[in-house]
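For reference, the structure is listed below as C-alpha cells.
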Amino acid sequence: MTQFTFDAPTVIRTKRDGGVLSDAAIDWVIDAYTHGRVADEQMSALLMAIFLRGMTAAEIARWTAAMVDSGERMDFSDLRRGGRPLALVDKHSTGGVGDKTTIPLVPVVMACGGAVPQAAGRGLGHTGGTLDKLESIAGFTAEISKHQIRQQLCDLGAAIFAAGELAPADRKIYALRDITATTESLPLIASSVMSKKIAEGANALVLDTKVGSGAFLKTEEESRELARTMVELGTAHGLTTRAVLTDMSTPLGCAIGNAVEVAESLEVLAGGGPPDVVELTVTLAAEMLDAAGLDGVDPAQTLADGSAMDRFRDLVAAQGGDLGQDLHVGPHAETITAPRDGRMESIDAMAVGLAVWRLGAGRSAPGERVQPGAGMYIHRRVGEPVSAGEPLFTLYTETPDRFEGAIAELDGGWAVGDAAPPARPLIIDRITSGD
Ligand code: URA
C-alpha cells in the first residue's frame, strides 16, 4: 500500500484559498517543520495564510495537539512536599506592555503554598518577555535541566525555565511569527500559549488575556473569543483552565523594558510599586490559588510581610542570579517633558511598546541579543496632574542612535488635556469553561 504524503505548497495553497486543513495535513506540517523538512519560508507563507484566513475550532484544536506532540510532556504528579502532592499551578499572559506580573506573582504563589512550573517566553513583537527581563539579573539563567526543575518545585515551589523540549514546534513558529508580522492571529496565539502550557505539567492554569491597543487582539470581543478558545483547549487536555480579561490600553505600571521592569517588580515585592501591578498580581494569585484548591491564604499579605520577596530571592539564587549586583539600566537617557499644564489624558500601550522595542528591548531578527538596559519610565500616569516642563517619560538605551526612532514611535501616542479621562477598570471579566 502506498502511503499518502503531503507537500508544503499544497498545504499552503489550501489555506491561502480559504480551505480547511485536514487533521493529517496539520500533523504532517507541524512534524515536518519541527524536523526541518518544511523550510522557514514555507512555514512563513502558511502562517500568513492562517493569519489572513483564520482556522476553524477543529483546526485550532488539532494544530495545538500537534504542537504539544512535537515535544515531550512533563509530568510532576509523582512529586511530594510534606508527603502531599504538589499544587501545580501556572499563569500565562497573551502579551502586554509593561506586563512584569509573572515576576512578583510566582513568588507570591510560592509563599502561599503553590508550586509553579513556569515555561516562560521571550519578547514577541512589541510585547516584552519574562525571560528577557529576568536575564537582566546578573547570572540568572532559564536554561535549567529537567532534574533541576523537579528539584526546585519540591524544595522551593517554582522554576522559571525556557520551554526547551516542550512544544519545540512553538519555539520555531514563535520566533518566525516575531519577524514575519504574523503575531496578531487568534489561532496562532491560542495554539502557541496552550501547547506550552499543556506540555509543562501543571494541573491548573490562569490565562491573563489582554484587551486594548497594547494587546495582540484589540477588541474586547476578539479577546473574549481568544480566552474562550484557550479555556476550552486546556479543559479538553485535562487542565483546569480559566481566564481573566484585563485592560491593556495603557502600559501596566511605570517601567517598560527589561532591567527597569525587574526593578519595578522588586518594588512590588517590597510591599510598594504601582497600584495596577499590585492589583493584577494579587488578582491573578487569588485565581491561581483557587484553581489549585488552595484556600485560607491571603496573597496580598505575602507582599506586605516580605515572604514573597524571600521566595523570589531563593528562586533567583537557585537559578544562578545575583540580586546583590545592580540592575543595569541603559547608560543613555532622553527625557520628554510636558508641553503644558493639565492632566495626563492618554498613554497608548502600543506606542510605548513600539518605542521600547526600538530602544533595543526586543528583536527584529531571529536570535538577536536584546538590550537588558533598554526601557522607559513613565513619570505621570493617565489621570495624574502635570505641569509644563516637568518630565513625563525617560527613555533608556545602550545605543543612542535608537532614540530618534523610539521618539517617533511615541509621538502622537500620548496626550495632556484639561481633564482626567474616566477611569477604566483593570480587571474586565473572568471566563471559565462553558462561558
Ligand atoms: N504568548 C505566547 O506564548 N504566544 C503568543 O502567541 C502570545 C503570547
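Of the set (1) open to solvent by less than 30 Å² (accessible area, probe 1.4 Å); (2) more than 18 Å from MET67 (Cβ to Cβ), all apply to LEU21 but (2).
Of the residues examined, ALA120 is one that is free of Cβ contacts under 8 Å to residues at least 60 places away in the same chain, touching a Leu at 6+ places or on another chain (Cβ under 7 Å) and near the ligand (Cβ under 10 Å from one of its atoms).
Go over the candidates THR180, THR130 one by one and state the one that is within 11 Å of the ligand (Cβ to nearest atom) and among the polar types (S, T, N, Q). Just a single option satisfies the conditions, and that option is THR130. Residue check, GLU143 against (1) open to solvent by less than 20 Å² (accessible area, probe 1.4 Å); (2) closer than 20 Å to GLY320 by Cβ, all met but one. Which one? Unmet for GLU143, out of (1) open to solvent by less than 20 Å² (accessible area, probe 1.4 Å); (2) closer than 20 Å to GLY320 by Cβ: (1).
Counted as qualifying within the stretch 269-388 are the strands (runs of 3 or more DSSP E) with 2 or more residues that are of a type in the set (Val, Ile, Thr) and in contact with a Leu (Cβ under 7 Å, 6 or more places away or on another chain), namely 332-337. Restricting ARG84, ARG150 to those that are modelled with pLDDT under 95, in the same structural domain as THR283 (by the TED database) and more than 16 Å from the ligand (Cβ to nearest atom) reduces the list to ARG84. Answer yes or no as to whether LYS197 is basic (Lys, Arg), under 28 Å from SER364 (Cα atoms) and open to solvent by less than 10 Å² (accessible area, probe 1.4 Å). Criteria met by LYS197.
Would you please list the contacts, defined by Cβ atoms under 7 Å and residues six or more apart or on different chains, that run from a residue in the stretch 91-104 that is more than 13 Å from the ligand (Cβ to nearest atom) to a residue that is part of a loop (DSSP other than H, G, I, E, B)? As it stands, the answer is GLY98/PRO251; GLY98/LEU252; GLY98/GLY253; LYS100/GLY253, since those pairs meet every condition given. Considering (1) in contact with a helix residue (DSSP H, G or I) (Cβ under 7 Å, 6 or more places away or on another chain); (2) more than 10 Å from the ligand (Cβ to nearest atom); (3) in contact (Cβ under 8 Å) with a residue 60 or more places away in the chain; (4) not small (Gly, Ala, Ser), the lone condition that LEU188 does not fulfil carries the number (2).
The values are calculated or read from the model by the stated rules, or taken from the named source; none is laboratory data. Being a predicted model, the structure only gives us computed values, none of them experimental. When we count neighbours, we look across all protein chains shown, and the Cβ atoms used for this are built from the backbone with ideal geometry, even at glycine. Just so you know, the surface numbers come from the protein's heavy atoms only, side chains and all, with ligands and any DNA or RNA stripped out. Shrake-Rupley method; radii C 1.70, N 1.55, O 1.52, S 1.80 Å.
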